[in-house]
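What follows is a short report on a single structure.
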Amino acid sequence: MRVLVTGGAGYIGSHCVKRLGELGYEVLTIDNLSNGNKWAVLYGELKVVDLSDTAKVREILKNFNPDAVIHFAASIVVPESVKNPIKYYKNNTENTLNLLKNLIELDIKNFIFSSTAAVYGIPDTVPVKETDPLNPINPYGRSKAMVEQILQDLSNAYGLKYVSLRYFNVAGADPEGKIGQAYRESTHLITRALKAAKGEIPYIEIYGTDYPTTDGTCIRDYIHVSDLIDAHLIALKYLLDNGQSDVFNCGYGHGYSVKEVIYAVKKVTGIDFKVIEADRRPGDPPRLVADSTKIKEKLNWGPKYDDLEFIIKTAWQWEKTIS
Ligand SMILES: NC(=O)c1ccc[n+]([C@@H]2O[C@H](COP(=O)([O-])OP(=O)(O)OC[C@H]3O[C@@H](n4cnc5c(N)ncnc54)[C@H](O)[C@@H]3O)[C@@H](O)[C@H]2O)c1
């Protein structure tokens, strides 16, 4: 079974490539290394290609002839998307459309898409369900919501089969310690807190302490990257077994506040670091938690690492190995 992974040199994609390789899938990665690393691709060939090079991508697809494509490649920083929306619509929407056009022309039918909780914007009800309205509030979220719409239309028109996975806050690292998050610059809370613990940054900021939550800070649903990869493997099997196109939330169904996460990072690392309380950032929902009933019931997915301290431990183990 052959699987092509875009963005397989990045944080989540590299964990997927590792798992596919361990399970005996033939895997090929396309990544332009803009935010990924060669060393992170532990199985199969890495083609250093930008997805905007549609002719080259087509040639790779034609030669490899995958049974499925898992599409992680994207630009991922929300504030950057506000400053430079063209980059996000080009990379996340246009490049995905071109990839899909190639798949349809080459009769490659199965597609798994990295969507995001950002498609919900500021939800009216939490935990948020797949059927709740999509109201993204920034170009990053909109660039992904547009792809979800495109996927529906292409699925109806051309018989493309897809699973769109809406990730909540992905965190942690490979429990074997071989790979982990190595962004050029991380905006993720757990990673930044660990960098503060390491002394790599002088302090960490809490954006807003007056939200209507128990301790006034925002609540997010943190999912361990290995559990998220399980969801991809299950979705892959589902599609290959002729499952119909669908959309699933990927989260644990409960959340932790920013203060709870910082407390847990201090506990796991044993290091006290400086924390500064800052103003709210525009567009941060007070609570963003997945209703994960659908993926549990329909795909029989279940988390193995639903434990904040374990998530932090794996991330810390990884963080200590990189400079
Ligand atoms: N990390 C999270 O918490 C989170 C949450 C929701 C959704 N997602 C989605 O998951 C996916 C993976 O995210 P990640 O955190 O691993 O990010 P990442 O930046 O580590 O991975 C993305 C990879 O894609 C590559 N890439 C980007 N543009 C490319 C292009 N034009 N051509 C070829 N390669 C390109 C980058 O070099 C990088 O290796 C993204 O689609 C992101 O939107 C992530």
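The values are calculated or read from the model by the stated rules, or taken from the named source; none is laboratory data. Remember, predicted model here, so these are calculated numbers, not experimental data. Note that we place each Cβ from the backbone using ideal geometry, even for glycine, and neighbour counts take in every protein chain shown.
A few remarks follow.
- Whichever residue in the range 16-32 is within 16 Å of the ligand (Cβ to nearest atom) and of a type in the set (D, E, K, R) and, among such residues, is farthest from Ser226 (Cα to Cα): Asp31
- Conditions (1) aliphatic (A, V, I, L, M); (2) in contact with a strand residue (DSSP E or B) (Cβ under 9 Å, 6 or more places away or on another chain); (3) surrounded by fewer than 23 Cβ atoms within 10 Å (Cβ to Cβ); number of the one not met by Leu106: (2)
- Only one of the numbered conditions (1) touching a Gly at 6+ places or on another chain (Cβ under 6 Å); (2) in a helix (DSSP H, G or I) is not met by Arg280, and that is (2).
- Selection count, the range 126-147, where residues are among the β-branched types (Val, Ile, Thr) and under 24 Å from Thr213 (Cα atoms): 3
- The residues listed here are Pro133, Pro79; of these, the one that is surrounded by fewer than 18 Cβ atoms within 10 Å (Cβ to Cβ), at pLDDT 95 or above and either closer than 30 Å to Tyr256 by Cα or within 19 Å of the chain's Cα centre (by Cα) (or both) is Pro133.
- Val69, sole failed condition from (1) more than 28 Å from Thr321 (Cα to Cα); (2) more than 10 Å from the ligand (Cβ to nearest atom); (3) surrounded by fewer than 16 Cβ atoms within 10 Å (Cβ to Cβ): (3)
- Criterion: assigned to a helix (DSSP H, G or I), under 27 Å from Leu154 (Cα atoms) and touching a His at 6+ places or on another chain (Cβ under 9 Å) - qualifying residue of Leu99, Leu103: Leu99
- Filtered residues of the range 106-158 (kept if acidic (Asp, Glu) and part of a loop (DSSP other than H, G, I, E, B)): Asp107, Asp124, Glu130, Asp132
- Residue that is modelled with the lowest pLDDT, among those in the range 146-189 that are of a type in the set (A, V, I, L, M) and under 15 Å from Ile12 (Cα atoms): Ala182
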